[in-house]
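Notes for the one structure printed next.
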Amino acid sequence: MKKYSLLILILFINCSFSKLTEIQYRNEFTAWMTSNQRTYASSEFTNRYNTFKSNLDFINQWNSKGSKTVLALNEFADISNEEYRKNYLRNDNNINKLSSLLINDKEDKEIKSSSSSGSGSSGIDWRKKGAVPSVKSQIGGCGSWPITAVGATESAHFLANPKDPFISLSMQNLIDCSNLNKQCYQGTVNEAFQYIIENGGIDSEESYKFSGGEPGKCKYNSSNSVAKITSYEKVKSGSESSLESAVSLKPVAAYIDASLSSFQFYSSGIYYEPSCNSTDLNHSILIVGFSDFSTTPTDSLKHSSNYWIVQNSFGKNWGENGYIFMSKDRDDNCGISKMASYVIV
């Protein structure tokens, strides 16, 4: 996670917002370009600079309000929110359209918590048990769905075989061979699960390397298959309690609304966005744990403290080393429990 510039910190501490001087904007942009290895043609520079200024103003204004969600400049600082949505999120983000794409879909399931899950009132973090893959970056690839699908499968396979080493599975296998996901960014996590079920397995990353993310000829080789799944279960839609029980069992794949600038520039803290849409879902993520302080005496403290531990797919320089802590038990913020599922090995 990149550190704040001194100017952003000053504005945040003073809890007030004022625009920077032109010299300050220029210095910030120059430093950011150097840090992110950006160069522009002369015809493009002005547009990117103005976009950067607008994004920096948004970040400073947000932080000046003292939100528990802290924003900062990142690699998206020179693109508009419209460009971010177009290039990194699904375009058909309506939940009804997304649901209609899911083949052999199942009824939502109310998951009961398991006493053997190892979670208590304080929650669970599957990272501490070695059951979570490394953070990946979808940039230049097919979006979030292959990363999420592979991550959920890897975690489930590891938990079912705890004495074996954690095995990395092939995202390119899914991209090339899952026919219904051929449109790349329009693929879905559950379609990927269904492919693995019907195909009888998925190859290892070592044997089927990632080649940039664009769909190509299917090169699946059953002799290199290292993991199978028998089915997948959908968590009861809109039920955070059911989602909590599912995450107590294993990491869970889910869809959220990640379209707002506050998500684009998330840096740290507990993410709560009142403007999130809980039905327009456009980005898949892997929920790898939660922290629950539901025994606290006040609702306000409860709401500010409970969070989901979410692995994103924007690389390790985004957010908290690639993670975001999303508000839990706060009216299903950003639709995190609307479309969640996990695999059965």
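The values are calculated or read from the model by the stated rules, or taken from the named source; none is laboratory data. Just so we're clear, the structure is a prediction, and the values are computed from it rather than from any experiment. Don't worry about glycine lacking a Cβ; one is built from the backbone with ideal geometry, like all the others, and counts go over all protein chains shown.
Some observations on this one:
- Where Lys65 falls short, out of the listed (1) farther than 28 Å from Ser327 by Cβ; (2) surrounded by fewer than 15 Cβ atoms within 10 Å (Cβ to Cβ): (1)
- Trp62 meets all of the listed conditions (1) over 22 Å from Lys136 (Cα atoms); (2) out of contact with any strand residue (DSSP E or B) (no Cβ under 6 Å at 6 or more places or on another chain); (3) not polar (S, T, N, Q) but one, namely (2).
- The stretch 195-234, subset at pLDDT below 95 and among the small types (Gly, Ala, Ser), residue nearest to Gly151 (Cα to Cα): Gly213
- Tabulated pairs, the stretch 319-338, first on the phi < 0 side of the Ramachandran plot and in the same structural domain as Thr148 (by TED's automatic domain parsing), second small (Gly, Ala, Ser) and modelled with pLDDT under 95, C-beta under 7 angstrom, 6+ apart or interchain: Lys338/Ser278
- Residue count for the stretch 157-175, restricted to those that are surrounded by fewer than 24 Cβ atoms within 10 Å (Cβ to Cβ) and in a loop (DSSP other than H, G, I, E, B): 8
Residue-wise test of (1) at pLDDT 60 or above; (2) in contact with a Ser or Thr (Cβ under 8 Å, 6 or more places away or on another chain); (3) in a loop (DSSP other than H, G, I, E, B); (4) within 25 Å of Ala258 (Cα to Cα).
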site: Ile13; (1), (2), (3), (4): no, no, no, no
site: Arg48; (1), (2), (3), (4): yes, no, no, yes
site: Lys53; (1), (2), (3), (4): yes, no, no, yes
site: Phe76; (1), (2), (3), (4): yes, no, yes, yes
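- The stretch 27-46, subset in a helix (DSSP H, G or I) and among the β-branched types (Val, Ile, Thr), residue nearest to Glu83 (Cα to Cα): Thr46
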